[in-house]
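The values are calculated or read from the model by the stated rules, or taken from the named source; none is laboratory data. Everything numeric in this text was worked out from a predicted model, so none of it was measured. Ideal geometry is used to build each Cβ from the backbone, glycine not excepted, and the neighbour counts take in all protein chains shown. Ligands, DNA and RNA are excluded from the accessible area calculation, which covers all protein heavy atoms including side chains. Shrake-Rupley method; radii C 1.70, N 1.55, O 1.52, S 1.80 Å.
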Amino acid sequence: MRIVAGGSPEKRTMRVTAVINRSGGTVGNDEAELAESLARAFADVGVEAKIILAAPDALQAAFESAAGEAGLDALIAGGGDGTVSLAAAVAVEAGLTLGLLPLGTLNHLARDAGIPNGRDAAVAVIAAGHAEAIDIAEVNGHIFVNNSSVGLYPLMVRQREALRKRLGHSKRLAMLVASVRALRHFSRHRLTIRIAGREQPIETPLLFVGNNLYQTSLLALGRRLGLQDGELCLYAVLARSRLQFLGLALRGLIGRLDQQRDFISLTAVHEAEIHSRRAALSVSADGETLHLAPPLHYRVRPKALRLLMPEPPAVAAEEGDR
């Protein structure tokens, strides 16, 4: 099966390798049953699938090994956004199309691409073979598909993972506890944002960089309307204290963020440099923590990743009329 971006695939048996994160938020405990059920689901829609279950620290090697297989039509990532980010980097390097099985606690790229959470429905999207070229972004060469942050959020992620390893908490519970602990160490970063030769100094507890524009309204909080606009968005929170930060978070939950009072917004950005006097900064990228020496160089790579996703309604209707 040849996958054609924005078009219909030629009819022959599609061949994929699916690498599944054993620690994915919805994977469950019966790995053998999961592998068998996924293989059956793919077989039922005429897709030849090899299923690999890998521990988090073995995912990179598993994706790279799968990408080296001859005759592969698509590489499939089963897990959350961290898993997808690893797979995307490998797929881009290998020139492969990527498919998603949303098996994480949060599945932001799958959600924004319209890929359903149900296993059989996600497999059906893969089998349909409709690929679209979407944007990816990177910070100092590290690819991410959703967003990156500097400040409080990387600290929360670090604490969350420590709690999960030590106490075995669920990701959601660990993040809640980690958020409370991180707020106890509230601090602001003195940063300078450089875009197209212009500089803007800021003091912020949290700098957010999104791959394409993220919405801040109540009904679309944390969502993207597009994955192919070729731009970054930057949001710098203006809270000066722990209490102000909590107030801002609450206003965000009820859709009452005020741009002038709550944050600085920079949109339609293609590249940005973040400077700091610190020797290293903790940076999150799709929920994974990196330690990078500034300046942080962010850039968008337009339509660099081919992703299997549902056809737009207009395209699907045209295909049905033929």
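Residues that are in contact (Cβ under 8 Å) with a residue 12 or more places away in the chain, open to solvent by 40 Å² or more (accessible area, probe 1.4 Å) and out of contact with any Leu (no Cβ under 6 Å at 6 or more places or on another chain) within region 45-60 comprise Val45, Gly46, Glu48, Lys50, Ile52, Pro56, listed in sequence order.
Check region 308-315 and report whether any residue there is at pLDDT 90 or above, under 25 Å from Ser85 (Cβ atoms), out of contact with any helix residue (DSSP H, G or I) (no Cβ under 8 Å at 6 or more places or on another chain) and surrounded by 14 or more Cβ atoms within 10 Å (Cβ to Cβ). So that I can check it myself, show each step before the final result.
Keep residues of region 308-315 that are at pLDDT 90 or above, which gives 308-311.
The next check asks that each one be under 25 Å from Ser85 (Cβ atoms); those that pass are 308-311.
With out of contact with any helix residue (DSSP H, G or I) (no Cβ under 8 Å at 6 or more places or on another chain) added as a condition, the list becomes none.
No, every residue in region 308-315 fails to be at pLDDT 90 or above, under 25 Å from Ser85 (Cβ atoms), out of contact with any helix residue (DSSP H, G or I) (no Cβ under 8 Å at 6 or more places or on another chain) and surrounded by 14 or more Cβ atoms within 10 Å (Cβ to Cβ).
Pick from Arg251, Arg190, Arg240: which is more than 18 Å from Gly287 (Cβ to Cβ), open to solvent by 50 Å² or more (accessible area, probe 1.4 Å) and at pLDDT 80 or above? Break it down into steps so the answer makes sense when it comes.
Values: Arg251 fails: at pLDDT 80 or above; Arg240 fails: at pLDDT 80 or above.
Every option except Arg190 fails the conditions.
Restricting attention to region 228-237 and to residues that are touching a Leu at 6+ places or on another chain (Cβ under 8 Å) and assigned to a loop (DSSP other than H, G, I, E, B), the residue that is most open to solvent (accessible area, probe 1.4 Å) turns out to be Asp229. Of the numbered criteria (1) of a type in the set (A, V, I, L, M, F, W, C); (2) assigned to a strand (DSSP E or B); (3) without any contact (Cβ under 8 Å) to a residue 40 or more places away in the chain, the one Ile136 fails is (3).
Would you be able to tell me the number of residues in region 80-133 that are among the basic types (Lys, Arg) and either over 19 Å from Arg224 (Cβ atoms) or over 12 Å from the mean Cα position of the chain (by Cα) (or both)?
Quick first cut of region 80-133, residues among the basic types (Lys, Arg) only: 111, 119.
Filter once more, keeping what is either over 19 Å from Arg224 (Cβ atoms) or over 12 Å from the mean Cα position of the chain (by Cα) (or both): 119.
Count: 1.
Among the numbered conditions (1) free of Cβ contacts under 8 Å to residues at least 60 places away in the same chain; (2) open to solvent by less than 10 Å² (accessible area, probe 1.4 Å); (3) in contact with a helix residue (DSSP H, G or I) (Cβ under 7 Å, 6 or more places away or on another chain), the only one that Ala94 does not meet is (2).
Assess whether Asp135 counts as being among the acidic types (Asp, Glu), buried (at least 19 other Cβ atoms within 10 Å of the Cβ) and at negative phi. Step through it out loud before you land on a result.
On the way: among the acidic types (Asp, Glu): yes; buried (at least 19 other Cβ atoms within 10 Å of the Cβ): yes; at negative phi: yes.
It is true that Asp135 is among the acidic types (Asp, Glu), buried (at least 19 other Cβ atoms within 10 Å of the Cβ) and at negative phi.
For Asp258, state whether it is acidic (Asp, Glu) and modelled with pLDDT under 90. Here the answer is yes, as Asp258 does meet what is asked. Whether any residue in region 92-103 is of a type in the set (Gly, Ala, Ser), at pLDDT 95 or above and part of a loop (DSSP other than H, G, I, E, B) is what I want to check. Yes, that holds for at least one residue.
Please work out if Val150 is at pLDDT 70 or above, β-branched (Val, Ile, Thr), outside any strand (DSSP E or B) and surrounded by 15 or more Cβ atoms within 10 Å (Cβ to Cβ). When the stated conditions are applied, Val150 does not pass them.
On inspection, Ile143 does not qualify as in contact with a Gly (Cβ under 9 Å, 6 or more places away or on another chain) and open to solvent by less than 40 Å² (accessible area, probe 1.4 Å).
Residues of region 69-85 that are open to solvent by less than 10 Å² (accessible area, probe 1.4 Å) and closer than 10 Å to Thr17 by Cα: Ala74, Leu75, Ile76, Ala77. Only residues that are touching a strand residue (DSSP E or B) at 6+ places or on another chain (Cβ under 8 Å), part of a helix (DSSP H, G or I), small (Gly, Ala, Ser) and touching a residue at least 40 places away in the same chain (Cβ under 8 Å) were counted in region 104-133, giving 2.
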